[in-house]
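Structure first, then comments.
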Amino acid sequence: MANGNNNINYSEVTPQIRALAERSTAQVIPSDLYTKYKVNRGLRDLNGNGVLAGLTNIAQVTAKKIVDGKEVPMDGKLYYQGINVEDIVAGFITERRYGFEETIYLLLFGSLPNAQELADFNQLLNTYTSLPPKFTRDIIMKSPSRDMMNTLSRSVLMLYSYDDNPDDLRIPNVLRQCLQLIAQFPLLAVYGYHAYNHYEKDMSMIIHQPDTSLSLAENILHMLRPDQQYTELEARILDLALVLHAEHGGGNNSSFTVHVVSSSGTDTYSAMAAALGSLKGPKHGGANIRVCQMMEDLKENVSNWQDEGQVADYLQKLLEGQAFDRAGLIYGIGHAVYSLSDPRARVFEGFVQRLSSAKGRDEEYQLYALVARLAPELISRQRQMYKGVSANIDFYSGFVYDMLGLPQELYTPIFAISRISGWSAHRIEELASGSKIIRPAYKSVATRKPYVPLNER
């Protein structure tokens, strides 16, 4: 083997690699074998129902009800620790409070805090709203990444080295680690973006310290914007987005990842880094970016946004793989569980309209509303569906973040800032209640072959 070959491009996919790749994918498993062996692909049955893989108190997602002994679709419901998330939102909105901090408390401890408990909890989070000395300079600034989720993952893994007891799995220590990460995630994401913006885009780098008198949502805007200014409506809608993304049951991909990884007995930092890797995927946390990209393509290719026929024609082209990324998908429409409606989208939609009016973007909102109305009907005509489809929260969240002036690089990290509260609850639940390493079965369909000595191959 040659050493010191500096002529090789590190990222180049060479002809040799392409040839080997063809060999590696030559044994694709035929889809009919999944039916033959009754394998539930994606841990969901043919009707889209998730395979029961665990128990949880943290959240419940429902989209069906029993009528005359049969399951029928219903408007989706989401419960945090048994409390309807719509009621949680109505409570803090009515009282003109920020709701994310009390949502974190609820997910972690199983009940809503009273005023004193909430004040004490906020003070505790504030004590953790900082990074270790020189961490920002040595870790975040020195090696910025083009992808903020990778920046987050690397930063989380590096925080392991600053913890005196990183591998202590006793619940008090794990809770301490989780609370620290919850408080630190906004700093890691925003500072990582500023470093990227400076070194990759040659923009000015501005680092604002968090203000412990502000809510978590306010601090994100405070640290992100050069002038540190934001409106109350902007902060409250970002806070609402954090609440609605905080948790979605143990079966969602990133939370299930936390359960799987935690069951191995690994440390908190590794578990959260694994969850970040899951969330990064465009089928999970990255979906809202695809929605925004799709809608921009629609705007460019539809001359009259109010013409239902033109919009419907474009959506039909999407389904037929003739528009945008030619994937045959209308992003933001449909969900693995919800059918008639996504409760998070229902709650969000009214506030999206308020924000669009405040930002002078009513026309765009009307376009989103039109797509949300037309797309389910077109999908049901085009494809045989086991359940109905509707707009999910990803359909609106990217539009909201755009109106808030958030860069797309931070869309998925904002999701992570929210969802780490749920991940923390699931990690503690797994450590406290789980006793076995999670190991589902995979059936081998490989044919048996004899070993052939090297000189005979």
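Where a number appears in this text, it was derived from the coordinates with a stated rule and is not lab data. All values reported here derive from a predicted model rather than from experimental measurement. All Cβ positions, glycine included, derive from the backbone under ideal geometry; neighbour counts span all protein chains shown.
Step through the table entries 36/317; 70/443; 317/443; 38/436; 64/283, compare each Cα-Cα distance with 28 Å, and write down the pairs that go over it. 36/317; 70/443; 317/443, as the Cα separations exceed 28 Å there.
Under 8 Å for C-alpha pairs, at least 6 residues apart: give me the relative contact order for the chain, rounded to a whole percent. Across the chain, relative contact order equals 20 percent. With the largest listed first and rounded to whole Å, the semi-axes of the equivalent ellipsoid of the stretch 1-135 from the Cα gyration tensor are 46, 34, 12. Once the Cβ-Cβ distance of residue 438 and residue 227 is raised to the sixth power relative to R0 = 30 Å, the FRET efficiency obtained is 0.05. Only Lys, Arg, Asp and Glu carry charge here, each on its Cβ (+1 for the first two, -1 for the last two); on that basis the chain has a dipole of about 1860 debye about its Cα centre. Using only helices, what value at 222 nm comes out for the chain when you add -39,500 (n - 2.57) per DSSP H run of length 4 or more and divide by the total residues, to the nearest 500 deg cm²/dmol? That comes out to -16500 deg cm²/dmol. The slack in the chain from residue 40 to residue 211, taken as 0.36 nm per residue of separation less the alpha-carbon distance, amounts to 56.7 nm. Our note on the geometry: Cα centres of the stretch 291-310 and the stretch 348-409, 12 Å apart. Across the stretch 83-161, counting alpha-carbon atoms alone, Rg and Dmax equal 17.1, 45 Å. Short-range pairs are left out: with C-alpha atoms under 8 Å and at least six residues apart, the relative contact order of the stretch 287-403 is 36 percent. Once the Cβ-Cβ distance of residue 325 and residue 116 is raised to the sixth power relative to R0 = 56 Å, the FRET efficiency obtained is 0.60. Distance between the modelled labels on residue 127 and residue 147, one decimal in nanometres: 3.7 nm (7 Å Cα→Cβ projection). Starting from the Cα gyration tensor of the stretch 287-403, take the square roots of the eigenvalues, sort them a ≥ b ≥ c, and report rounded, prolate or oblate (rounded when a/c is under 1.5, otherwise prolate if a/b is larger than b/c, else oblate). Because a/c hits 1.5 or more and a/b fails to exceed b/c, the stretch 287-403 counts as oblate.
Distance between the modelled labels on residue 297 and residue 358, one decimal in nanometres: 3.2 nm (7 Å Cα→Cβ projection). With viscosity 1.002 mPa s and temperature 20 °C, the Kirkwood radius over alpha carbon pairs of the stretch 199-304 converts through Stokes-Einstein to a diffusion coefficient of 125 µm²/s. Only lysines eight or more places from residue 65 in sequence, or on another chain, were considered; those with a Cα closer than 22 Å are 77, 387. Extension gain, residue 77-residue 32: 0.36 nm per intervening residue step, less the Cα-Cα distance, totals 12.8 nm.
Counting only GluC sites (Glu not before Pro) that DSSP places in a loop and that have at most 10 other Cβ atoms within 10 Å, the longest clean stretch of the chain runs over 96-457. Loop-located trypsin sites (Lys or Arg not before Pro) in the stretch 123-179 (DSSP state other than H, G, I, E, B) with a sparse environment of at most 16 neighbouring Cβ atoms within 10 Å: 134, 142, 146, 170.
Counting neighbouring beta carbons within 10 Å and listing from fewest to most, the residues 163, 394, 120 come out as 120, 163, 394. Classify the chain as rounded, prolate or oblate, taking a ≥ b ≥ c as the square roots of the eigenvalues of its Cα gyration tensor: rounded when a/c is under 1.5, otherwise prolate if a/b is larger than b/c and oblate if not. The shape class here is rounded. The residues 426, 248, when put in order of fewest to most other Cβ atoms within 10 Å, stand as 248, 426. Here the calculated FRET efficiency for residue 67 and residue 454, from their Cβ-Cβ distance with R0 = 56 Å, stands at 0.25, rounded to the nearest 0.05. From the residues 14, 104, 51, which one has its Cα farthest along the dipole of the stretch 1-105 in the positive direction, the dipole being from +1 and -1 charges on Cβ of Lys/Arg and Asp/Glu about the Cα centre? Toward the positive end, the furthest listed residue is 14. Report the residues of the stretch 274-316 in range of a label on residue 25: point 7 Å along Cα→C-beta, backbone N strictly under 13 Å from it. What the label zone holds, given the 13 Å backbone N cut-off, is no residue at all.
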